[in-house]
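Notes for the one structure printed next.
The values are calculated or read from the model by the stated rules, or taken from the named source; none is laboratory data. The model shown is predicted, which means the values in this text are computed figures rather than measured ones. No Cβ is skipped: glycine too gets one built from the backbone with ideal geometry, and neighbour counts run over all protein chains shown.
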Amino acid sequence: MYSLGGIRSLPANWRSTTASMTTTESVRKVPQVLTVAGSDSGAGAGIQADLKVCAARGVYCASVITAVTAQNTRGVQSVHLLPPEFVSEQLKSVLSDFEFDVVKTGMLPSTEIVEVLLQNLSEFPVRALVVDPVMVSTSGHVLAGSSVLSIFRERLLPIADIITPNVKEASALLGGVKIETVEEMRSAAKLLHEMGPRFVLVKDFKTFVECGTLLLAELAKGSSMLSAVKVAKRFVDNALDYSKDIVIGTGKQGPFDHFFSLKKDPQSSRCSIFNPDDLFLYAVTDSRMNKKWNRSIVDAVKAAIEGGATIIQLREKEAETREFLEEAKSCVGICRSHGVCLLINDRIDIALACDADGVHVGQSDMPVDLVRSLLGPDKIIGVSCKTPEQAHQAWKDGADYIGSGGVFPTNTKANNRTIGLDGLKTVCEASQLPVVAIGGIGISNAVSVMQINTPNLKGVAVVSALFDQECVLTQTKKLHKTLEESKKEV
Ligand SMILES: Cc1ncc(COP(=O)(O)OP(=O)(O)O)c(N)n1
Ligand SMILES: Cc1ncsc1CCOP(=O)(O)O
Ligand SMILES: [Mg+2]
């Protein structure tokens, strides 16, 4: 659970100062970050996890070690603090040489070490500072005692761009307040924000190890804070999902696999990066509607993402190929920077050429098994299905999800048989794949769709309710809110 308690935005020059990859004729600047943290011999946390996650996200990571732990998946056996003078030497070495986009602190086990860090940060000002106030390991071992609390509160937190405490750390920083519910996490985030950091992210225990590192990598690439948090959450969710079946060490909580996206799922020889929850608010663009409202595909996509769309499909039936390809490439860039998947309707060629995340095909489009062989194992494939038989075939052919409908009558797709809520429920109950409902769905009836309440139904796909509208942003926000509320009711 994440509670973003910060309310001030980053400085206007945030994006230009945290440069993403820039290419000139001979120089390519790679996003680079520094982690100041403890070494974990089990490599599940600390410096080792930071190095792996940055490598997995295409970011160069330098490391300053504050302490060395003897640690495995069962717990922390012992901790050896490095002399503050030597921590300072490491800091000077790297800060005087590299141009870091972001610096992140993890385990800072003594006030002396925090002092040398602060001293070096004043000598070598950094562009952005992420503070993960590490105090307790996953196994419950104390990694920084209460002696550091006052220097954290008084001197480190006020200069941080974001702090990422877990609930125990948030509670310690706030003098031991109880934090058990989401509401209490929100209140804690607000109180911590008053201590001076620009943003506060209070994490629950499931995801607490990796989130701060991930933020570091995404911020270094130039993402806004909110996008960085979204990408981090998506990455952690996917990595946890991938890692749940792998065994590393004999302890209760093994590390997760940062390089999951490079690996094949042994069951299906497919990568498991698709997150079915992304189907929650599926925005499908329409060329005629964009033309009618005089907006580009790119503007339509930007507004939908800003409004809360969780996946995008470009369904541009009338677009010229070359123009469509260029627009699709721009949309891929936008979607990627927000951690939102982009699929192309029908056009496998366009999907391949713009490196989209996948395609959506119907029963009379290219057969799914052929689409899979053309796109390879890593891309997302959605298939339209009106019946349990079609849903079963989609699963056999290697699809990732099915779109089922039209649930209600629609003017967007001609001659499309309506299956109603009963038809949708039948397909959902039979399907081995996650389902998104489509057809005539909007703010007024989205709740009735979600109320069919079958575990496979993950969300709604919508065209006219978002795009045949004057303001895509407002409509998407409204639908998002409606869906969120329906989640609480179900
Ligand atoms: C999410 C989603 N579900 C269904 C469809 C319809 O696809 P298809 O049956 O191929 O019809 P066209 O969209 O190509 O007219 C979809 N596009 N998206
Ligand atoms: C593409 C498609 N497939 C089944 S219904 C439909 C149209 C959905 O459009 P709208 O959301 O405007 O009803
Ligand atoms: Mg189609």
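Every residue in region 445-486 that is aliphatic (A, V, I, L, M), within 21 Å of the chain's Cα centre (by Cα) and either surrounded by fewer than 16 Cβ atoms within 10 Å (Cβ to Cβ) or within 15 Å of residue 313 (Cβ to Cβ) (or both), please.
Once the filter is applied, which keeps residues that are aliphatic (A, V, I, L, M), within 21 Å of the chain's Cα centre (by Cα) and either surrounded by fewer than 16 Cβ atoms within 10 Å (Cβ to Cβ) or within 15 Å of residue 313 (Cβ to Cβ) (or both), region 445-486 yields 460, 461.
Is it true that some residue in region 392-400 is touching a residue at least 24 places away in the same chain (Cβ under 8 Å), among the aliphatic types (A, V, I, L, M) and within 16 Å of ligand 2 (Cβ to nearest atom)?
There is at least one residue in region 392-400 that is touching a residue at least 24 places away in the same chain (Cβ under 8 Å), among the aliphatic types (A, V, I, L, M) and within 16 Å of ligand 2 (Cβ to nearest atom).
Among the listed residues 310, 285, identify the single one that is touching an Asp or Glu at 6+ places or on another chain (Cβ under 7 Å), over 13 Å from residue 436 (Cα atoms) and within 15 Å of ligand 1 (Cβ to nearest atom).
Checking each option against the conditions leaves just 285.
Which numbered condition trips up residue 365, out of (1) more than 16 Å from ligand 2 (Cβ to nearest atom); (2) surrounded by fewer than 22 Cβ atoms within 10 Å (Cβ to Cβ)?
(1)
Is it the case that region 402-424 has a residue that's away from ligand 2 (no atom under 12 Å from the Cβ), within 27 Å of residue 233 (Cβ to Cβ) and small (Gly, Ala, Ser)?
Scanning region 402-424 turns up no residue that is away from ligand 2 (no atom under 12 Å from the Cβ), within 27 Å of residue 233 (Cβ to Cβ) and small (Gly, Ala, Ser).
Among the listed residues 391, 399, identify the single one that is within 26 Å of the chain's Cα centre (by Cα) and either surrounded by fewer than 15 Cβ atoms within 10 Å (Cβ to Cβ) or not in a strand (DSSP E or B) (or both).
Numbers: 391 fails: within 26 Å of the chain's Cα centre (by Cα).
Of the residues listed, the single one that is within 26 Å of the chain's Cα centre (by Cα) and either surrounded by fewer than 15 Cβ atoms within 10 Å (Cβ to Cβ) or not in a strand (DSSP E or B) (or both) is 399.
Conditions: (1) free of Cβ contacts under 8 Å to residues at least 60 places away in the same chain; (2) away from ligand 3 (no atom under 15 Å from the Cβ); (3) small (Gly, Ala, Ser). Residue 351 meets all but one. Number of the miss?
Result: residue 351 fails condition (2) only.
Condition check: more than 16 Å from ligand 1 (Cβ to nearest atom), without any contact (Cβ under 8 Å) to a residue 60 or more places away in the chain, under 26 Å from residue 451 (Cβ atoms) and not aromatic (Phe, Trp, Tyr). Does residue 388 satisfy that?
yes
Could you check residue 285 against (1) within 16 Å of ligand 3 (Cβ to nearest atom); (2) of a type in the set (S, T, N, Q); (3) modelled with pLDDT under 75 and say which number it fails?
(3)
In contact with a strand residue (DSSP E or B) (Cβ under 9 Å, 6 or more places away or on another chain), assigned to a helix (DSSP H, G or I) and not β-branched (Val, Ile, Thr): which single residue out of 283, 300, 309 fits that description?
Among 283, 300, 309, only 300 is in contact with a strand residue (DSSP E or B) (Cβ under 9 Å, 6 or more places away or on another chain), assigned to a helix (DSSP H, G or I) and not β-branched (Val, Ile, Thr).
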